[in-house]
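Here the structure is laid out as structure tokens; the discussion comes afterwards.
The values are calculated or read from the model by the stated rules, or taken from the named source; none is laboratory data. Predicted model, so just to flag it, every value in this text is computed and none were measured. Ideal geometry is used to build each Cβ from the backbone, glycine not excepted, and the neighbour counts take in all protein chains shown. Side chains are part of the model used for accessible areas, which takes the heavy atoms of the whole protein and leaves out ligands, DNA and RNA. Shrake-Rupley method; radii C 1.70, N 1.55, O 1.52, S 1.80 Å.
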Amino acid sequence: MIIYTPLPIESVLQSSEEVQPTYIEIEYEGRLVQLETIDNYQAKIVRLVSSNPNDYLNNTYMPGKIIYFRPN
């Protein structure tokens, strides 16, 4: 990718280094899911870890879905 800009490269790429999502793995309704935390009680499902093919057809565990949980 080529970026044509009069700004120094440090100014352009500065914001991409600051934001790093926090991922956690929890058991949600009996399935292991990887979550990206949004705040203290909300998270977005990033990945489902299951050996059961039917779990991947269930919209409850769909990546991108926002769930509410209480961390321990």
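All conditions in (1) touching a Phe, Trp or Tyr at 6+ places or on another chain (Cβ under 8 Å); (2) part of a loop (DSSP other than H, G, I, E, B); (3) of a type in the set (A, V, I, L, M) hold for residue 33, with the sole exception of (2).
Looking only at residues in segment 39-48 that are at pLDDT 90 or above and open to solvent by 60 Å² or more (accessible area, probe 1.4 Å), the one that is farthest from residue 65 (Cα to Cα) is 47.
Going by what's in this entry, would residue 63 be described as in contact with a strand residue (DSSP E or B) (Cβ under 7 Å, 6 or more places away or on another chain), assigned to a loop (DSSP other than H, G, I, E, B) and open to solvent by 70 Å² or more (accessible area, probe 1.4 Å)?
Here the answer is yes, as residue 63 does meet what is asked.
Among the residues of segment 6-24, is any open to solvent by 90 Å² or more (accessible area, probe 1.4 Å), out of contact with any Gly (no Cβ under 9 Å at 6 or more places or on another chain), polar (S, T, N, Q) and in a helix (DSSP H, G or I)? Break it down into steps so the answer makes sense when it comes.
If we filter segment 6-24 for residues that are open to solvent by 90 Å² or more (accessible area, probe 1.4 Å), which is where we start, we get 6-7, 9-10, 14, 17-20, 23.
Going one step further and asking which of them are out of contact with any Gly (no Cβ under 9 Å at 6 or more places or on another chain), we end up with 6-7, 9-10, 14, 17-20, 23.
Filter again for polar (S, T, N, Q), leaving 14, 20.
Add one more test, that the residue is in a helix (DSSP H, G or I), and what stays is 14.
Within segment 6-24, one or more residues are open to solvent by 90 Å² or more (accessible area, probe 1.4 Å), out of contact with any Gly (no Cβ under 9 Å at 6 or more places or on another chain), polar (S, T, N, Q) and in a helix (DSSP H, G or I).
Checked against (1) without any contact (Cβ under 8 Å) to a residue 24 or more places away in the chain; (2) part of a loop (DSSP other than H, G, I, E, B), residue 45 passes all but condition (2).
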